[in-house]
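Engineer: Please find one structure pasted underneath; my questions will follow.
Throughout, read-outs are computed from the coordinates displayed, never taken from laboratory work. Quick caveat, the model's predicted, so the values are computed rather than measured. As a convention, Cβ positions derive from the backbone with ideal geometry for all residues, glycine included, and neighbour counts pool all protein chains shown.
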Amino acid sequence: MKNDMQAAASALGVWGVLSVIFGVLILAWPSITVKVFLIILGIYLLSVGVVMLVGSLMNREGRWVGHALVGVLSVVAGMYVFAHPQSSALVLLSVVAIWAVAVGLLQIVAGFEGRNNWLLIFAGFVYTLFGFYIFANPKGGAIALIWLIGLTTIAAGISLVVAAVEANSAAKQLPARR
């Protein structure tokens, strides 16, 4: 169990770091073109998906299916972004919104399991609220949405890194398997 918790903490930490890097890249270039944004988004989604999918498949004890689902959703969303670069902004925003709501809800559920990890729950609410915001305002300004994506991803990423540190600390207190 200790190794499983440490592996899960590592996956959360990597996801959080990738989220912060993605958010900083978006904020560094607020006038980024849609094409470059799509490339960065596709790389981010594929990276998160691979990390979550591989991590969950390597540690198939406990509740690994949710992490695997997040991985699959992220990989599919990333592949969609690369396969259809000429898609309208509305389709892209819908894909991002669906991904954000799905991942957010899965994080909220995972956060309530076990020790009630409030930081994971917070990250889930951030993603979920962001997804609903996109659905409610699909014609909002592109620059405003890019900034919101950057800030949302940084906030969620920081929460995920802190949650990973807390989970790793909790795992260290568990006895080692014999």
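Engineer: Given the options 151, 135, 11, identify the residue whose Cα lies farthest towards the positive end of the charge dipole of the chain (+1 on Cβ of Lys, Arg; -1 on Cβ of Asp, Glu).
Structural biologist: Result: 11.
Engineer: Set the Förster distance to 25 Å, then compute FRET efficiency between residue 172 and residue 57 from the Cβ-Cβ distance, nearest 0.05.
Structural biologist: Using R0 = 25 Å, I get an efficiency of 0.55.
Engineer: Express in whole angstrom the spacing between the alpha-carbon centres of the stretch 109-132 and the stretch 47-100.
Structural biologist: Distance between centres, Cα-based: 17 Å.
Engineer: Largest first and in whole Å, give the semi-axes of the chain's equivalent ellipsoid, each being the square root of 5 times a Cα gyration tensor eigenvalue.
Structural biologist: So the equivalent ellipsoid measures 30, 16, 14 Å along its semi-axes.
Engineer: A further question on this structure: Could you run the Karplus curve 6.51 cos²θ - 1.76 cosθ + 1.60 with θ = phi - 60° over the stretch 94-100 and give me ³J(HN,Hα) per residue in whole Hz, x for Gly and Pro?
Structural biologist: So the J values, rounded to whole Hz, are 5, 4, 5, 5, 4, 4, 4.
Engineer: So how tilted is helix 65-83 from the main axis of the chain? Cα-based, degrees 0 to 90, rounded to 10.
Structural biologist: Long axis of 65-83 versus the principal axis of the chain: about 20 degrees.
Engineer: Residue by residue, what Karplus-based ³J(HN,Hα) values in Hz, rounded to whole numbers, does the stretch 3-20 have, using 6.51, -1.76 and 1.60 with θ = phi - 60° and x for Gly and Pro?
Structural biologist: 5, 5, 5, 5, 5, 5, 4, 5, 4, 4, x, 5, 4, x, 5, 4, 5, 5
Engineer: Now for a different question. Can you compute the FRET efficiency between residue 165 and residue 76 using 1/(1 + (r/R0)^6), with r the Cβ-Cβ distance and R0 = 30 Å? Round to the nearest 0.05.
Structural biologist: Result of the calculation: an efficiency of 0.50.
Engineer: Per-residue HN-Hα couplings for the stretch 105-112, Karplus 6.51 cos²θ - 1.76 cosθ + 1.60 at θ = phi - 60°, whole Hz, x for Gly and Pro?
Structural biologist: For the stretch 105-112, the Karplus curve yields 5, 5, 5, 4, 4, 4, x, 7 Hz.
Engineer: In what sequence, highest mean first, do 166-174, 98-106 appear when ranked by Cβ atoms within 10 angstrom? It would help to have the intermediate numbers written out before the result.
Structural biologist: Numbers: 166-174: 15.0, 98-106: 19.9.
The packing order, highest mean first, is 98-106, 166-174.
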